[in-house]
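Encoded as structure tokens, the structure appears first; notes follow it.
The values are calculated or read from the model by the stated rules, or taken from the named source; none is laboratory data. Since we're looking at a predicted model, the values are computed, not measured. Here the Cβ positions follow ideal geometry from the backbone for every residue, glycine too, while neighbour counts run over all protein chains shown. Surface accessibility is based on the protein's heavy atoms, side chains included, excluding ligands, DNA and RNA. Shrake-Rupley method; radii C 1.70, N 1.55, O 1.52, S 1.80 Å.
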Amino acid sequence: MKKRKMSYIVLLFLGPILMSSCLDEHPKDQLDEDKAYTTSANLYVNTVATLYNYIGGTSDSQGLQGTYRGVYDFNTFTTDEAILPTRGADWNDGGFWKRLYYHTWTSSDESLKNTWNYLYKVVILCNRSLQLLDKHAQLLTQDQLVTYQAEVRAIRAMFYFYLMDMFGRIPLVTSYDIALKDVKQSSRSDAFHFIFDELQDAAGNLPHAHSNLEGDYYGRMTAPVAYFLLAKLALNAEVYTDNDWTDGTRPDGKDILLSVNGAQKNAWETCIYYCEKLKEEGYRLESDYNFNFQVLNETSTENIFTIPMDKTLYTNIFKNLFRSRHYNHGAAIGMDAENGTCATLSTVRTYGYGTDSIDHRYRFNFFSDTLYVDGRIVRLDNGEPLVYKPLAVTSFDLTGTPDVKTAGARMSKYEIDRSSYSDGQLQGNDIVLFRYADVLLMEAEAKVRNGGDGNAELNAVRSRVGMGFRNATLSNILEERLMELMWEGWRRNDMIRFGSFTDAYDLRTSPDKDGHTIVFPIPQDVLDLNVNLSQNKNYE
């Protein structure tokens, strides 16, 4: 159990949020404003603190990670990292997972619409919070007002980051009271610059605290969290400033100039700058890779931003382990399971599975081969040992194959909390969103792209897990990012940046010839309700 409750748990209930497709209706606050905003404390709770209730989630398409059919799944199962194959009567789900793997989604996809709605719901709530802070500014000191506004703006910028990354051309709405007819769609480059500028402005007024540590800033937006997002934005600047991603060309990161601390830096220099800022903030690699994902991982020196978890204090869920393990695996630890998610063939081969040079992180990230729990072999219903077979994922539909229920290496990144509730979905491990190992790999990549040497950063990550020296080439860095950040939700972002997202691999041929699937379509219901918006190129 956590030592203390998060300081931002809502003390007054903010009324139900009503959200239609996007920007067609404002959320309604049904709490009497005279009661909600009487002191600086309850003003903070009901304008700023309440926003953190939306970082995690409890139902499909809600939260940045931990639930199904939302941000995490769209960024993971569309890549060469992981797959959710059909296993007989299990996991067909109307072809949803197959559409992700083969990039055949459409603008009418319900889960895509729900994810858009979730992200914009939080944006609109942020706009509402900024309006209320301004309206009740007399309750605050000037320093409080500036700090609270910065916190809300940074949260809003983070949600705009996910929207821009997934959908490209998005409406940028900064006022709660804007009329629908006045909502305009921004180019991707304009969205990028807006988000970057917002985070830079906000960061200067945010506390320099480690958000993953329990205390007053636990789970909150702090300057280091903003620095991480700024580094990520700069690293992807070639992608995010490209307004026609179907023409086969991109801007050059060396020519993309950004204003940083009064100086002009190119995209790669900007990324390096913010990576170095995080080093100055005291983040370090943990000596034990697993420590970042264990039960009670709040003291990690490596985790930068997490979703706080506790089976009795918070309602956020983490379904990913539950979704992956075999039914008998779940029974062996006293829980249930769904027998679904596994690694792709290309992933286990990248780790060197089946060779004499398998990466040490393989055993950290996967349940593989004969399964043991508490020192005993787990057995199938027929008495045979349960053996996960990493190389048996030879078809998307495994129905009728000998290994239909056992094909694929399964997720093992987070320590299983044996005292968790709801079959492990309410656990004591905080969900890791941003991590310092990612920062080192970003810096290595930015240095190489800028003509420099990224060996020190790349090999700091490798040596931590006992792996030998490797030259920091772009191809090696991409492989390293897969092995280090497996199951953390960054693979789609990485593959797009490296130009491999629409390549053929494993069971999949190239899904399109023009690269239009590197962004998702704007949901059709959104287009129907907002006449000023148009569909992304080459989606019907």
Revision key, fill the gap. Carbon and sulfur atoms account, in whole percent of the 1.4 Å probe accessible area of the chain, for 48
Exercise for review: Rank these residues by their accessible area, most exposed first, probe 1.4 Å: Tyr54, Tyr118, Tyr421.
Suggested key: Tyr421, Tyr54, Tyr118
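What does the charge count around Asn114 come to, taking other residues whose C-beta lies under 12 Å from its C-beta (Lys +1, Arg +1, Asp -1, Glu -1)? If you can, show how the numbers build up before the last one.
Numbers: positive: Arg69, Lys113, Lys121; negative: Asp60, Asp73, Asp109, Glu110, Asp525.
Here the charged neighbours net out to -2.
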Review point. Rounded to a whole number, what is D in µm²/s for region 113-224 from Stokes-Einstein with the Kirkwood radius over alpha-carbon pairs (25 °C, 0.890 mPa s)?
Key: 165
Review point. Which Rg and Dmax, in Å, describe the Cα atoms of region 192-301?
Key: 16.2, 49
Review point. Is the shape of region 397-540 best called rounded, prolate or oblate, per the rule: a/c under 1.5 gives rounded, else a/b larger than b/c gives prolate, else oblate, with a ≥ b ≥ c the square roots of the Cα gyration tensor eigenvalues?
Key: oblate
Review point. Roughly what percent of Cα-Cα pairs across region 96-164 reach past 18 Å?
Key: 53
Point to revise | Positive dipole terminus of the chain, leading residue within Val465, Ser510, Gly215 (C-beta point charges) | key: Val465
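Could you state the accessible area per residue of the chain in Å², with a 1.4 Å probe and every protein chain left in place?
Numbers: 19490 Å² over 540 residues.
For the chain, the per-residue accessible area is 36 Å².
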Check your understanding: Can you list the residues, at least 5 places off or on another chain, whose amide H is less than 5 Å from the amide H of Gln294, using H built in the peptide plane?
Key -> Glu415
Review point. What ranking do 442-453, 137-148, 266-277 get when scored by the average of other Cβ atoms within 10 Å per residue, highest first?
Key: 266-277, 442-453, 137-148
Practice item. Tell me, rounded to the nearest percent, the portion of alpha carbon pairs in region 60-185 spaced more than 21 Å apart. Key: 50
Practice item. Throw me the Rg/Rh for the chain, computed over C-alpha atoms with Kirkwood Rh, two decimals. Key: 0.95
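From the square roots a ≥ b ≥ c of the eigenvalues of the alpha-carbon gyration tensor of region 321-420, which class results: rounded (a/c under 1.5), prolate (a/b over b/c), or oblate?
Working: a/c = 1.61, a/b = 1.19, b/c = 1.36.
In terms of gyration-tensor shape, oblate.
Over region 241-294, what per residue volume does the convex hull of the Cα atoms give, in whole Å³?
On the way: hull volume 7.8 nm³, N = 54.
In region 241-294, the Cα convex hull volume per residue is 144 Å³.
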Review point. Cβ under 11 Å from Cys126's Cβ, Cys126 left aside: what net charge do those residues give with Lys, Arg +1 and Asp, Glu -1?
Key: +2
Exercise for review: Take each of the peptides 80-93, 213-226, 252-265, average the number of other beta-carbon atoms within 10 Å over its residues, and list them starting from the highest.
Suggested key: 213-226, 80-93, 252-265
**Study point:** Alpha carbon convex hull of region 360-417, volume per residue in cubic angstrom
**Key:** 111
Study note, to complete from the structure: Rounded to whole angstroms and listed largest first, the alpha-carbon spread of region 40-111 along its three principal axes comes to 55, 24, 23
Check your understanding: Thinking of region 368-478 as a set of Cα atoms, what percent of all their pairs are more than 18 Å apart?
Key -> 69
Exercise for review: Sort region 151-205 into rounded, prolate or oblate with this rule: let a ≥ b ≥ c be the square roots of the eigenvalues of the Cα gyration tensor; rounded if a/c is under 1.5, and if a/c is not under 1.5, prolate when a/b is larger than b/c, oblate otherwise.
Suggested key: oblate
Check your understanding: Which Cα, out of Leu140, Asn114, His103, lies furthest along the positive dipole direction of region 103-152 (beta carbon charges, K/R +1, D/E -1)?
Key -> Asn114
Check your understanding: If we count every other residue with Cβ under 12 angstrom of Asp494's Cβ, Lys/Arg +1 and Asp/Glu -1, where does the sum land?
Key -> -4
Exercise for review: Return one quarter of the surface area of the convex hull spanned by the alpha-carbon atoms of region 229-374, equal to its mean projected area, in nm².
Suggested key: 14.0
Check your understanding: Based on Cβ point charges of +1 for Lys and Arg and -1 for Asp and Glu, what charge dipole magnitude is obtained for the chain about its Cα centre, in debye rounded to the nearest 20?
Key -> 660
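Calculate, in nm to one decimal, what Arg284 and Gln264 gain on full extension: separation in residues at 0.36 nm each, minus their alpha carbon distance.
Length gained between Arg284 and Gln264: 4.4 nm.
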Check your understanding: Top to bottom by accessible area (1.4 Å), largest first, where do Ser186, Ser211 land?
Key -> Ser186, Ser211
